[in-house]
Amino acid sequence: MKLAGKVAIVTGATQGLGHDVARGLVAQGARVVIAGIDPAAGQAVADALGDMARYVGTDIEDDAQIAQCIAATLAHFGQLDLLVNNACVYDDAGIASTRAQWLHTLNVNLVSAAIFAQQAAAVMPRGGVIVNLGSVGGKFGSAARATYPASKAGMLQLTRNLAVALAPQGIRCVSVSPAWTWSPALAGMSGGSIERADAVGAHVHPLGRVGRGEEVAAAVAFACSSEASWITGVDLPVDGGFSCLGPDQGRSPRAWFEATP
Ligand SMILES: NC(=O)c1ccc[n+]([C@@H]2O[C@H](COP(=O)([O-])OP(=O)(O)OC[C@H]3O[C@@H](n4cnc5c(N)ncnc54)[C@H](O)[C@@H]3O)[C@@H](O)[C@H]2O)c1
């Protein structure tokens with residue numbers, strides 16, 4: 001039990017990786033507030049986790065709702081030690097994205113995480129931890145997407161800023177960057193088949209499959225724990241080797257010549 005006695009807020013934990021992270025933190029002994037905008041799903045997630053979890057309706061684009069979420073956490077669980085900035089939107093049309101799409105994506109994925117961190121840090125004790133969800137999408141050029149990768153690149157810089165600014169308070173900040181991970185987005189693309197997702201994912205992940213939410217959750221739990229007490233301001237890739245590949249996909253020039261008639 002790495003997180004016994006700790007209290008966490010996980011944003012966007014009503015589905016996908018946020019749900020997996022919330023489950024993973026509870027499994028390590030933390031009590032968790034499921035912060036989100038889907039009451040039915042959020043209540044179901046909280047009910048499944050029992051007394052260790054509570055759903056608090058929170059639109060993170062609204063500063064007052066962030067404040068209410070933190071107040072509700074303190075009222076119900078008595079403290080706030082951990083914040084996982086997980087919520088996101090995939091509102092992206094590549095370089096054709098409209099200003100509205102840019103502002104919406106940056107507001108949810110980056111600005112709201114910064115405001116949540118600002119408000120949470122004000123009540124966290126020494127030993128508090130903020131984990132930001134990055135992505136391999138924020139590390140490489142992309143033809144099809146623009147707003148989402150920019151927001152995720154911003155999360156890596158936000159992590160460094162928070163780490164330095166909050167270090168005097170004894171609060172750490174780490175980002176966790178998954179590659180393709182089984183989630184509603186991948187379920188949609190694969191027709192609900194994890195085998196197909198693994199087969200397609202094998203092309204770009206040296207470990208030969210897509211990630212699992214539990215693997216991301218394990219990294220978040222580690223980052224939140226005292227085992228990571230000397231780790232701050234860095235990114236933890238949880239990506240099956242995706243980010244260690246260069247443009248040559250790990251194949252030698254000879255292999256490329258042989259494969260190109
Ligand atoms: N799925 C992947 O393969 C993958 C890969 C790399 C990184 N990530 C990161 O993991 C995180 C979760 O991704 P996912 O694929 O599970 O996403 P998802 O779309 O399944 O879930 C996102 C959640 O955020 C919530 N949300 C959206 N706007 C909100 C708002 N204004 N206020 C509160 N909640 C809001 C949604 O309701 C939803 O519950 C994201 O930060 C994403 O960038 C995911």
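Heavy atoms of the protein chains alone define the surface here; on that basis the stretch 7-259 has 45 Å² accessible area per residue at 1.4 Å probe size.
Ignoring any ligand, DNA or RNA, what whole percent of the accessible area of the stretch 74-165 comes from carbon and sulfur when the probe is 1.4 angstrom?
C and S atoms contribute 60 percent here.
Within a straight-line Cα-Cα reach of under 18 Å, residue 2 can be paired with the following aspartates and glutamates, leaving aside sequence neighbours fewer than 8 residues apart in one chain: 20, 81, 214, 215, 227. Straight-line cross-link reach from residue 139 at under 29 Å between alpha-carbon atoms covers these lysines, not counting any fewer than eight positions away in the same chain: 152. Dipole magnitude for the chain: about 480 debye, using +1 per Lys or Arg Cβ and -1 per Asp or Glu Cβ, origin at the Cα centre. When the Gaussian network model of the chain links Cα atoms closer than 10 Å, the mean-square fluctuations of 227, 214, 61 top out at 227.
Against the empirical 2.2 N^0.38 Å (N residues), the stretch 7-259 has a Cα radius of gyration ratio of 1.01.
Taking the centroid of alpha carbons for each part, the stretch 101-151 and the stretch 219-261 are 20 Å apart. Only DSSP H runs of four or more residues enter the estimate; each adds -39500 (n - 2.57), and after division by the residues of the chain the mean residue ellipticity at 222 nm equals -12500 deg cm²/dmol.
Its Cα gyration tensor gives the stretch 115-259 an equivalent ellipsoid. The semi-axes, each the square root of 5 times an eigenvalue, are 32, 17, 15 Å from largest down. The mean sequence separation of alpha-carbon pairs under 8 Å and at least six residues apart, normalised by the residue count of the stretch 176-261, gives a relative contact order of 35 percent.
For residue 1 and residue 199, the difference between the fully extended length at 0.36 nm per residue and the C-alpha to C-alpha distance is 67.9 nm. Remark: relative contact order (the stretch 7-259) = 18 percent; criterion is Cα-Cα distance under 8 angstrom and separation of 6 or more residues.
Here residue 74 and residue 96 are evaluated by their C-beta separation; at R0 = 51 Å the FRET efficiency comes out at 0.70.
The gain in end-to-end length when the residue 142 to residue 43 segment is fully stretched comes to 32.0 nm, 0.36 nm per residue minus the alpha carbon separation. Between residue 15 and residue 212, the contour length at 0.36 nm per residue exceeds the alpha carbon distance by 69.6 nm.
The values are calculated or read from the model by the stated rules, or taken from the named source; none is laboratory data. What you see is a predicted model, and the numbers here were worked out from it, not measured in a lab. Counting neighbours? That spans all protein chains shown, and the Cβs are built from the backbone with ideal geometry, glycine included. The protein model used for the area step is the full one, side chains on, heavy atoms only, and it has no ligands, DNA or RNA in it. Shrake-Rupley method; radii C 1.70, N 1.55, O 1.52, S 1.80 Å.
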